[in-house]
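Have a look at the structure below before the remarks.
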Amino acid sequence: MRMLLLIIFMAVLWSNCSSENKTIPIDSVMKIAQQQYNALLVEIDGKKLLPRTIEKGELKLVEPEDWTSGFFPGALWYLYQYSGDEKWKAAAEKYSSLLEDIQYFTGNHDIGFMMYCSYGNGYRITKNKQYRELLIQSAKSLCTRYNPKVGCIRSWDWNQKKWQYPVIIDNMMNLELLLWAFHETGDSSFFKIAVAHADNTMKNHFREDFSTYHVVDYDPKTGQPRIKQTWQGLSDSSAWARGQAWGLYGFTMMYRETGNLKYLKLAEKIAEFILKHIPHDMVPYWDFDVDSDSEPRDASAAAIMASAFFDLSKYGSESSGKYLNAAIKILQSLSSEKYLAKPGENNHFILMHSVGSKPGQSEIDVPLNYADYYYMEALLKASRRMQ
Ligand code: GLY
C-alpha cells in the first residue's frame, strides 16, 4: 500500500512539473554550448592548458595543477554524453589526459574536483580501465591529507601564521571521489574517511539557521575547532553563496551515496536556508548577506544549486516538488539572456556573471569554467527527467 501511494505521489509530482520542465530550452542551450566550446577548442589548440575564466578581457588558461583544471574536460564529457558526437569524446580524452599526473597530487584537497569531474565522468561514460586506476590512485592521494585526530581532510596548507588545520565547506565535494573508490574497490577506509569528514563538517560548519561558515580551522593536537571564518565571503558571519551551494550539493551527494538519513535532513535544512534568501530570479548575489543590485550575482553558485536541487528532489520527501521547481527555475533564469552568453561572445564560455573571490578582488562578474560545468550537469539532469 505504501509503495502504491509513493508511486501515485511521484506520478502526480511528475505530471505537475513536466509542463514547466519543458520550458527549459535544453536543446538550444546545448547548441550554444557546442558552438562556444568548439570555438574554445580552436583557441587553445596546441597549448596544453585549460580555460578557466576571462582576465583583463583575455581568455585565462591554467595548468593542470589549478583547482579548476577538471571542469573543462568534464564539460567536454558532458557534451559527448548529450550529443553522442565522437568529436567531443576525442576532445574530452585529450584534455583529461593533461591531468594524468594529478593522480599523485597531494598539495591541497582539490584533487576530487580535478580528477572526478574529468576522469570520473570519463570512466562513467567509457568504462576505460586506465581511468579507473587513475581515479583509485587519486582517492589514495586525497586520503594522505586526512588526520584521524581531527577527523577531516585538510583543505589548505597556506596561511600557516593564522590557520593550523583549515577545512573549508568546498571540501565536501571531494568526498564523492572517495565514495566512488569505496564502491569500486570495497576498501572501507575510503568510506570511513568520507563519513568522518562529513560528520565533523556537519557538527562544526553550520550555524543555527543552517547557513555555513566557509573555513573552520582545527587544532590538530586536540581535534577541536579553533577559528570559524570566511575567505571568499563578505564576513565571518555571512553566508558566502558558493559555500552554501557546495554544502547543499555535498550533503545531498552524501545521502545518495550512503543512504544515511541524517545527511538528507541536513541537505534539506541547507535548501530551506537557500530558498528563503535567494533573490526572485533564483541566482544569488555572491554572498547571501548582500542584496543590492550594485553587487554582482554568482551564476556558478546558482548552477551548482540547480544540479543539487535536481538530486534532492528525487528522495520522496514532502518538499520534493519544491526542490524540483527550484532546480527548474534556476535553469530557466540561467538560460535567459541575462546570464547565457550569445554565441561568439563571452570569450566562448557559456554563462556570464560569476564571482571567484570578491574579497580577493579576483574574478568578479566573469565567466568561470565551473559555472559552465555545473550548468551543463544540471541541464543533463533536466533532460533525463524529460525523457
Ligand atoms: N573551491 C574554491 C571556490 O569555490 O572558489
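Odds and ends about this structure:
- The 3J(HN,Hα) values that the Karplus relation (6.51, -1.76, 1.60; θ = phi - 60°) gives for the range 167-179 are, in residue order, 10, 10, 4, 3, 4, 4, 5, 6, 5, 4, 4, 5, 6 Hz. Gly and Pro appear as x.
- Order of exposure, largest accessible area first, which applies to D372, D293 with probe 1.4 Å: D293, D372
- For the chain, the spread of Cα positions along each principal axis, largest first, Å: 58, 54, 48
- Taking H280, H353, H214 and ordering them by how much accessible surface each has at a 1.4 Å probe, largest first, produces H280, H353, H214.
- With contacts taken as Cα pairs under 8 Å at a separation of at least 6 residues, the chain carries a relative contact order of 17 percent.
- Lys pairs under 17 Å by Cα in the range 183-307, provided they are eight or more residues apart or on distinct chains: 7
- CD proxy at 222 nm, helix term only [per DSSP H run n ≥ 4: -39500 (n - 2.57); per residue of the chain; nearest 500]: -16500 deg cm²/dmol
- J(HN,Hα) series, the range 264-274, from Karplus relation 6.51 cos²θ - 1.76 cosθ + 1.60, nearest Hz, glycine and proline x: 5, 4, 5, 4, 5, 5, 4, 4, 4, 4, 4
- Burial order of peptide ranges 167-177, 64-74 (average beta-carbon count within 10 Å, highest first): 167-177, 64-74
- Accessible solvent surface per residue of the chain, calculated while the other protein chains remain in place, 1.4 angstrom probe, Å²: 41 Å²
- The alpha carbons of the range 282-387 occupy a box of 42, 34, 20 Å along the principal axes, longest dimension given first.
- Alpha carbon centroid spacing (whole Å) that separates the range 54-87 from the range 353-387: 12 Å
- Assigned charges on the beta-carbon of Lys, Arg, Asp, Glu; the chain dipole about Cα centre (debye): 1000 debye
- Charge tally in the Cβ shell below 12 Å around L59, where Lys, Arg are +1 and Asp, Glu are -1, L59 excluded: +1
- Apportionment of accessible area to carbon and sulfur, the chain, percent (1.4 Å): 51 percent
- Integer Hz, Karplus 6.51/-1.76/1.60 couplings in order for the range 304-309, x for Gly and Pro: 5, 4, 4, 4, 5, 4
- Each peptide in 122-128, 88-94 was scored by the mean count of other Cβ atoms within 10 Å over its residues; highest first, the order is 88-94, 122-128.
The values are calculated or read from the model by the stated rules, or taken from the named source; none is laboratory data. The structure displayed is predicted, hence computed values, not measured ones. Cβ coordinates were reconstructed from backbone atoms using ideal geometry, including for glycine residues, and neighbour counts include every protein chain displayed. Areas reflect the complete protein model, heavy atoms only, side chains present, ligands, DNA and RNA absent. Shrake-Rupley method; radii C 1.70, N 1.55, O 1.52, S 1.80 Å.
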